[in-house]
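Worksheet: one structure, shown below.
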Amino acid sequence: MRIIAIIILWLSYASLFAQTCMNRDEIDKQSFHFYMEKDYPSLKSLTACALANGIDFFYLRTRTGILAYEEKKYEEAIPHFEKALEFFPNDPITKEYLYFSYIFTNRVDFARQLAVKENDVFQKKVGYAKKPFVQIALTGGITLTDNIADNKGENHISTGFNAASGVLNGNVAFMGINLENRIKEKVHLYHQFSLFSTQSVNFGESNEKWLTEHNNSNLQYNIGMSHTTKKDWNISAGLGYFRTSNYLPYLNTENTSQVEFLEQKSVSNSFMGSFYVGKRFKGIQPGISLSFSNLAPDQQIQVEASLLYYPFQNNHFYGMTTAAFLKNGTQQQYVVSQKIGGKLLQKIWYQAEFMYGNLSNYQQSNTFLTYNTFDPILLLAGINFDIHAGKHFVFNPGYNFRQKERSTLQYSAETPLGIIQTQTYFDHLIKMSLQWNF
């Protein structure tokens with residue numbers, strides 16, 4: 001009997017709730033009650049019921065939007081504020097809530113597009129300023145490894161061979177400058193210029209041993225553009241230029257009784273291009289990118305799918321998962337990556353990342369981040385921080401642990417052209433960026 005009574009009571013409540021949803025005055029009264037009690041789940045259910053029955057009005061939307069905002073569910077709040085402004089386009093409070101909802105879901109361009117049309121009082125209140133520059137950043141760092149120290153004095157000739165040659169790559173120092181311009185509120189232009197100094201030791205071994213040390217200089221320049229449409233499509237493209245120089249060692253093994261160690265300087269000018277398109281939905285943004293380059297003697301083509309997601313409807317925690325296929329000359333490579341980031345403290349944000357695969361000539365961020373290291377990276381794990389100091393300064397320290405693979409060319413009388421043997425080693429990337437937000 002108790003079960004039957006509960007079912008009858010529930011059906012009575014459901015019938016009453018359905019009748020309430022059919023009455024605009026009751027919805028107005030009940031939504032105000034839920035709003036004053038800060039009962040967001042009940043207000044959310046009431047709003048869904050009302051909309052299903054064709055009842056929609058300004059206060060229903062603003063009340064639901066404000067409680068969603070206070071729950072930090074900014075993705076849920078946005079459509080309610082947008083609809084409320086269709087009823088009353090000039091309501092400043094709703095616009096202010098909508099502005100910060102855009103900000104807290106990483107839709108800064110939408111927020112600025114809203115603010116640019118408002119008066120000086122509104123712009124000053126939300127902190128909007130029309131400036132052509134977004135940010136400028138100075139970046140520097142160093143990659144540390146024991147690859148040279150551990151292997152410089154070793155015997156590199158394997159059993160069954162009579163000669164070997166290769167390159168031991170060591171520490172790398174780099175510095176660069178990044179500049180972001182705002183052409184329009186939803187159109188951005190990016191520049192990057194970087195210099196690299198790489199340490200290497202070339203070796204050759206036969207009846208004697210040869211070692212030569214080099215410091216090679218490389219440079220990179222990138223330019224990119226991004227645009228966000230009214231329908232929340234994100235479109236971006238980038239071009240990059242790389243100038244690299246190094247010395248390639250090899251052995252002249254035609255005369256096995258007198259092997260000769262030789263080096264050849266190699267200077268290459270490489271170009272890259274990339275295009276990305278993604279669509280922002282409620283809490284997620286799937287996307288796909290296509291990239292081309294000639295970073296090696298052969299050309300590369302890369303296709304990558306990505307998914308950016310905000311599981312808690314705000315930017316306090318987010319993730320990005322990507323999977324890429326790269327045809328690097330005749331070699332087929334796969335790279336998967338996972339990023340997790342969010343708010344750690346009031347003024348400290350973090351982003352942890354993990355990447356696995358053969359990253360040789362792999363591109364990210366519309367060519368602005370390109371893994372054209374001499375030795376391919378097989379695994380990467382790291383963490384980066386954004387530390388806000390005042391209104392304009394941001395410090396960006398970061399660390400990456402990387403597993404890399406070096407190659408040794410082994411020679412014998414039966415294989416005069418050589419056979420490649422590989423061995424893994426590790427390095428540590430420490431970097432710092434000083435960023436000024438205009």
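If the condition is being surrounded by 13 or more Cβ atoms within 10 Å (Cβ to Cβ), over 30 Å from GLN299 (Cα atoms) and β-branched (Val, Ile, Thr), then region 333-348 contributes only ILE340.
In region 245-260, how many residues are part of a loop (DSSP other than H, G, I, E, B) and either hydroxyl-bearing (Ser, Thr, Tyr) or at positive phi (or both)?
Within region 245-260, the first condition is being part of a loop (DSSP other than H, G, I, E, B), and the residues that meet it are 253-259.
Among the residues that remain, those that are also either hydroxyl-bearing (Ser, Thr, Tyr) or at positive phi (or both) are: 253, 256-257.
Final tally of qualifying residues: 3.
Okay, residues lined up against (1) within 29 Å of HIS428 (Cβ to Cβ); (2) surrounded by fewer than 20 Cβ atoms within 10 Å (Cβ to Cβ):
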residue	(1), (2)
GLY166	yes, no
ASN169	yes, no
ARG182	no, yes
SER197	yes, yes
THR229	no, yes
ASN234	no, yes
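Take GLY283 and tell me if it is more than 16 Å from TYR371 (Cα to Cα), touching a helix residue (DSSP H, G or I) at 6+ places or on another chain (Cβ under 8 Å) and surrounded by 14 or more Cβ atoms within 10 Å (Cβ to Cβ).
Working: more than 16 Å from TYR371 (Cα to Cα): yes; touching a helix residue (DSSP H, G or I) at 6+ places or on another chain (Cβ under 8 Å): yes; surrounded by 14 or more Cβ atoms within 10 Å (Cβ to Cβ): yes.
Spelling it out, GLY283 is indeed more than 16 Å from TYR371 (Cα to Cα), touching a helix residue (DSSP H, G or I) at 6+ places or on another chain (Cβ under 8 Å) and surrounded by 14 or more Cβ atoms within 10 Å (Cβ to Cβ).
Per the conditions (1) assigned to a loop (DSSP other than H, G, I, E, B); (2) of a type outside the set (Lys, Arg); (3) more than 23 Å from THR198 (Cβ to Cβ), the sole criterion not satisfied by THR373 is (3). Of the helices (runs of 4 or more DSSP H) lying entirely inside region 108-214, the ones with 1 or more residues being not assigned by TED's automatic domain parsing to the domain that holds LEU369 are found at 108-115, 120-126.
Collect the residues in region 73-98 that are within 18 Å of LYS230 (Cβ to Cβ), over 24 Å from the mean Cα position of the chain (by Cα) and not β-branched (Val, Ile, Thr), keeping them in residue-number order. Before the answer, list the steps.
Filtering region 73-98 down to residues within 18 Å of LYS230 (Cβ to Cβ) leaves 75, 78-79, 81-83, 85-86, 89, 95, 98.
Checking the rest, the ones that are also over 24 Å from the mean Cα position of the chain (by Cα) come to 78-79, 81-83, 85-86, 89, 95, 98.
Matches in region 73-98: PRO79, PHE81, GLU82, LYS83, LEU85, GLU86, PRO89, LYS95, LEU98.
Among the residues making up region 402-429, those that are surrounded by 14 or more Cβ atoms within 10 Å (Cβ to Cβ) and within 26 Å of LYS339 (Cβ to Cβ) are ARG402, GLN403, LYS404, GLU405, TYR425, ASP427, HIS428, LEU429. Would you mind telling me which numbered condition in (1) out of contact with any His (no Cβ under 8 Å at 6 or more places or on another chain); (2) within 30 Å of ASN294 (Cβ to Cβ); (3) modelled with pLDDT of 90 or more THR229 fails? It fails just one condition, (2).
Looking at ILE235, is it more than 24 Å from LYS186 (Cβ to Cβ), under 21 Å from the mean Cα position of the chain (by Cα), in a strand (DSSP E or B) and β-branched (Val, Ile, Thr)? When the stated conditions are applied, ILE235 does not pass them.
Looking across region 154-205 at every residue that is under 35 Å from the mean Cα position of the chain (by Cα) and among the acidic types (Asp, Glu), the one that is modelled with the lowest pLDDT is identified as GLU185. Is it the case that SER257 is under 19 Å from ASP375 (Cβ atoms), of a type outside the set (A, V, I, L, M) and either in the same structural domain as ILE301 (by TED's automatic domain parsing) or in contact (Cβ under 8 Å) with a residue 60 or more places away in the chain (or both)? Taking the combined requirement at face value, the residue does not satisfy it.
When you scan region 405-424, do you find a residue that is hydrophobic (A, V, I, L, M, F, W, C), within 17 Å of the chain's Cα centre (by Cα) and in a strand (DSSP E or B), even just one?
Of all residues in region 405-424, those hydrophobic (A, V, I, L, M, F, W, C) come to 409, 413, 417, 419-420.
After this cut, where a residue has to be within 17 Å of the chain's Cα centre (by Cα) as well, the list is none.
No - not one qualifying residue is present in region 405-424.
Can we say TYR356 is under 22 Å from GLY224 (Cα atoms), surrounded by 15 or more Cβ atoms within 10 Å (Cβ to Cβ) and either modelled with pLDDT of 95 or more or of a type in the set (A, V, I, L, M, F, W, C) (or both)? In short, no.
Residues of region 133-171 that are without any contact (Cβ under 8 Å) to a residue 40 or more places away in the chain and more than 12 Å from VAL201 (Cβ to Cβ): THR159 alone.
Do you know which of the residues in region 139-162 that are loosely packed, with under 12 Cβ neighbours inside 10 Å and of a type in the set (Gly, Ala, Ser) is farthest from LEU179 (Cα to Cα)? The selected residue is GLY160. Of the residues making up region 65-107, those that are in contact (Cβ under 8 Å) with a residue 60 or more places away in the chain and not in a helix (DSSP H, G or I) are LYS72, LYS73, PHE104, THR105, ASN106, ARG107.
The values are calculated or read from the model by the stated rules, or taken from the named source; none is laboratory data. The structure displayed is predicted, hence computed values, not measured ones. Neighbour counts run over all protein chains shown; Cβ positions are idealised from the backbone, glycine included.
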